[in-house]
1. Out of ALA67, ALA56, report the one residue that is among the small types (Gly, Ala, Ser) and at pLDDT 90 or above.
2. Which residues, taken from the stretch 45-81, are crowded, with 17+ Cβ neighbours inside 10 Å, free of Cβ contacts under 8 Å to residues at least 40 places away in the same chain and among the polar types (S, T, N, Q)?
3. List the number of the failed condition for GLU127; all other conditions in (1) among the charged types (D, E, K, R); (2) touching a residue at least 12 places away in the same chain (Cβ under 8 Å); (3) assigned by TED's automatic domain parsing to the domain that holds ASP13 hold.
4. Inspect all residues belonging to the stretch 114-128 and state whether any of them is farther than 24 Å from ARG9 by Cβ and at pLDDT below 95.
5. Can you pull out every residue in the stretch 20-55 that is over 15 Å from ILE108 (Cβ atoms) and either small (Gly, Ala, Ser) or touching a Ser or Thr at 6+ places or on another chain (Cβ under 7 Å) (or both)?
6. Would you be able to tell me the number of residues in the stretch 110-122 that are within 14 Å of ARG35 (Cβ to Cβ) and either in a strand (DSSP E or B) or in contact (Cβ under 8 Å) with a residue 60 or more places away in the chain (or both)?
7. In the stretch 43-79, how many residues are in contact with a Gly (Cβ under 8 Å, 6 or more places away or on another chain) and either among the β-branched types (Val, Ile, Thr) or under 16 Å from LEU117 (Cβ atoms) (or both)?
8. Which one of PRO47, PRO107, PRO51 is touching a Phe, Trp or Tyr at 6+ places or on another chain (Cβ under 7 Å), assigned by TED's automatic domain parsing to the domain that holds ALA26 and either in a loop (DSSP other than H, G, I, E, B) or at pLDDT 90 or above (or both)?
Amino acid sequence: MTPDPIQLRSLRDIRVAVIHPDDEDARVLCEQLRRFGCRVTALWPEPNHLPEGTEAVFFSIQSERDASHPWLAGSSHAVLIALLAYENPAVLEAAAAANVHGVLPKPIRPFGVLATLYVARMLFRYEERLLNRIAKLDETLRTRRIVERAMKILATRQGISEDEAYAIIRREAMRKQLPVSSMAESIVHAEAIYGLPPDRGASDPAE
């Protein structure tokens, strides 16, 4: 993939948290990030929560215990980059458990910081798009199941076909200025509570 200059420029001004002991690695990393134009906050000791608006986090992983940082619970909207001093299985498993988007080996060198942040951010955005798509598909499937259930209820109650039942649901939804899914949901709920669809008279196919 060819780097997009616009996306590279977008790295400027992003809010970055560096969670690492105050040592040479932290100094080099913070200086390099500030050189790119990032707004950097160095945090140590480790915080319980990330600063508001944090968009990327660089943090150290030393062992498998480091996969359970207290601030990780509020990091769903931030790019996560692990700083690794070792490549043993325990450390790599901890990085995987933390769902990081990139890794940067220690000791930190200026070269590689920008590339790591860029690729990690692209991966994070791709992941966000996938999760949004999955959420929409889940909602579509949920809605379809509700509509199908409502169609079966009306078809059984009124002795009509499911196509006719759907036409009734759609007509009533338009009359009440509701989404078809909302109308279907009200029918399913009414059936569960009362054993009858709502506004039965209004849903009579002879109307």
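The values are calculated or read from the model by the stated rules, or taken from the named source; none is laboratory data. Because the structure is a prediction, the values reported are computed rather than measured. Here Cβ is always computed from backbone atoms with ideal geometry, including for glycine, and neighbour counts include all displayed protein chains.
1. ALA56
2. Hits for the stretch 45-81 are THR54, SER75.
3. Failing condition for GLU127: (3).
4. Restricting attention to the stretch 114-128, the residues satisfying the condition of being farther than 24 Å from ARG9 by Cβ are none.
No, that holds for no residue.
5. Of everything in the stretch 20-55, those that are over 15 Å from ILE108 (Cβ atoms) and either small (Gly, Ala, Ser) or touching a Ser or Thr at 6+ places or on another chain (Cβ under 7 Å) (or both) turn out to be GLY37, LEU50, PRO51, GLY53.
6. Qualifying residue count, the stretch 110-122: 4.
7. First, pick out the residues of the stretch 43-79 that are in contact with a Gly (Cβ under 8 Å, 6 or more places away or on another chain): 49-50, 79.
Then drop every residue that is not either among the β-branched types (Val, Ile, Thr) or under 16 Å from LEU117 (Cβ atoms) (or both), which leaves 79.
Total satisfying the criteria: 1.
8. Numbers: PRO107 fails: touching a Phe, Trp or Tyr at 6+ places or on another chain (Cβ under 7 Å); PRO51 fails: touching a Phe, Trp or Tyr at 6+ places or on another chain (Cβ under 7 Å).
Sole residue among the options that is touching a Phe, Trp or Tyr at 6+ places or on another chain (Cβ under 7 Å), assigned by TED's automatic domain parsing to the domain that holds ALA26 and either in a loop (DSSP other than H, G, I, E, B) or at pLDDT 90 or above (or both): PRO47.
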